[in-house]
Amino acid sequence: MIYPIILYGNSVLRERCKDIVPTKVDVKTLSEDMFETMHSADGIGLAAPQIGISKRMFVVDGSSLDSEEMKGFKKVFINPKIVDESGEPWEFDEGCLSIPGIRGEVKRKSEIELSYFDENWIQKKECFSGMQARVIQHEYDHIEGKLFIDYLSAIKRKLIKNKLLEISKGNCDVNYNVK
Ligand code: NI
């Protein structure tokens with residue numbers, strides 16, 4: 001099932017999401033729906049609040065990118081915890097399906113150690129680096145109620161202010177379902 005993607009301005013994107021209780025949520029179905037929704041919008045990451053579900057879960061799939069680093073990077077992260085963040089901060093031009101048409105340079109540390117559950121409720125602890133780490137950090141921010149635009153300079157934020165206002169009114173040109 002394809003969900004509409006929640007746009008900037010909706011308060012669900014600003015909530016700190018709650019942990020998922022295993023018996024309460026069918027994470028298999030939810031993760032399939034999230035992949036389907038993300039693929040329909042050509043995204044590489046999607047967090048549950050972006051479909052209106054204030055729970056600590058996100059999916060990533062970098063296989064559509066022409067990138068050796070992202071090939072095979074398709075995962076479900078449930079109740080993730082960033083155990084450690086390290087390495088040299090580096091900048092990259094990020095975007096977000098909930099904030100269409102806006103991009104901005106965000107500085108993030110290059111390495112993370114993450115503990116999480118997969119869609120079979122198997123607990124994992126893994127290290128990620130580079131672009132994989134960045135996608136996870138971006139999605140992790142979503143479940144903390146944080147957006148990439150929060151990192152932008154005051155000047156840049158001023159420049160995008162009107163665009164953000166329009167997005168929050170639903171005025172944006174995208175080829176996927178939004179809400
Ligand atoms: Ni995003």
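The values are calculated or read from the model by the stated rules, or taken from the named source; none is laboratory data. Source: prediction; values computed, not measured. All Cβ positions, glycine included, derive from the backbone under ideal geometry; neighbour counts span all protein chains shown. With ligands, DNA and RNA removed, areas are computed over all heavy atoms of the protein, side chains included. Shrake-Rupley method; radii C 1.70, N 1.55, O 1.52, S 1.80 Å.
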Cα centre as origin, Lys/Arg/Asp/Glu Cβ charges: the chain dipole, Debye: 780 debye
Say a paramagnetic label sat at a point 7 Å from the Cα of SER110, along Cα to Cβ; which residues of segment 51-80 have their backbone N under 19 Å from it? 68-71
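Using a 1.4 Å probe on the protein chains only, how many percent of the accessible area of segment 11-168 belongs to carbon and sulfur? Each step should come with its number before you reach the end.
Working: 3880 of 7880 Å².
C and S fraction of accessible area: 49 percent.
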Can you find, among ILE102, GLN123, LEU159, the residue farthest towards the positive end of the dipole of the chain? Put +1 on the C-beta of Lys and Arg, -1 on that of Asp and Glu. LEU159
Table column - 3J(HN,Hα) (Hz), segment 138-148, Karplus curve with 6.51, -1.76, 1.60, x for Gly and Pro: 4, 5, 4, 4, 4, 6, 9, x, 10, 10, 4
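What length, rounded to one decimal in nm, is gained on full extension from LYS18 through to ALA154, with 0.36 nm per residue of separation minus their alpha-carbon distance?
Numbers: separation 136, 0.36 × 136 = 48.96 nm, distance 3.03 nm.
Once the chain is fully extended between LYS18 and ALA154, it gains 45.9 nm.
May I ask for the net charge around GLY62, where only other residues with Cβ less than 13 Å from the Cβ of GLY62 are counted and Lys, Arg are +1 while Asp, Glu are -1? Show your work: numbers first, answer last.
Values: positive: LYS71, LYS74, LYS75, ARG134; negative: ASP42, ASP61, ASP66, GLU68, GLU69, GLU139.
Local net charge: -2.
What does the highest-first list of 153-159, 10-16 look like by mean Cβ count within 10 Å? Before the final figure, lay out each step's value.
On the way: 153-159: 10.7, 10-16: 14.3.
In decreasing order of mean packing, 153-159, 10-16 become 10-16, 153-159.
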I want to check the label-to-label distance for GLU166 and GLN123. Put each point 7 Å from Cα in the C-beta direction and report it in nm to one decimal. 4.8 nm
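Are there chymotrypsin sites (Phe, Trp or Tyr not before Pro) in segment 1-103 that DSSP marks as loop and that have at most 14 other Cβ atoms within 10 Å, and which are they? Intermediate values should be presented prior to the final figure.
Numbers: sites: TYR8, PHE35, PHE58, PHE73, PHE77, TRP90, PHE92; in loops: TYR8, PHE73.
Hits after loop and neighbour filter: nothing returned.
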Treat each spin label as a single point 7 Å out from the Cα along the C-beta direction, and report the VAL25 to TRP90 distance in nm. 3.1 nm
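Using just the helices of the chain, give the 222 nm mean residue ellipticity in deg cm²/dmol: DSSP H runs with n ≥ 4 each add -39,500 (n - 2.57), and the total is spread over all residues, rounded to 500.
After summing the helix terms and dividing by the residues of the chain, the value is -8000 deg cm²/dmol.
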Which whole-Hz ³J(HN,Hα) couplings does segment 95-100 yield from phi under the Karplus relation 6.51 cos²θ - 1.76 cosθ + 1.60, θ = phi - 60°, glycine and proline marked x? x, 7, 4, 7, 10, x
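With a 1.4 Å probe and every protein chain left in place, work out the accessible area per residue of segment 109-179 in Å², rounded to a whole number. It would help to have the intermediate numbers written out before the result.
Details: 4050 Å² over 71 residues.
Per-residue accessible area for segment 109-179 comes out at 57 Å².
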Tally Lys and Arg at +1 and Asp and Glu at -1 over the other residues with C-beta under 14 Å from the C-beta of ASP93: what net charge comes out? +2
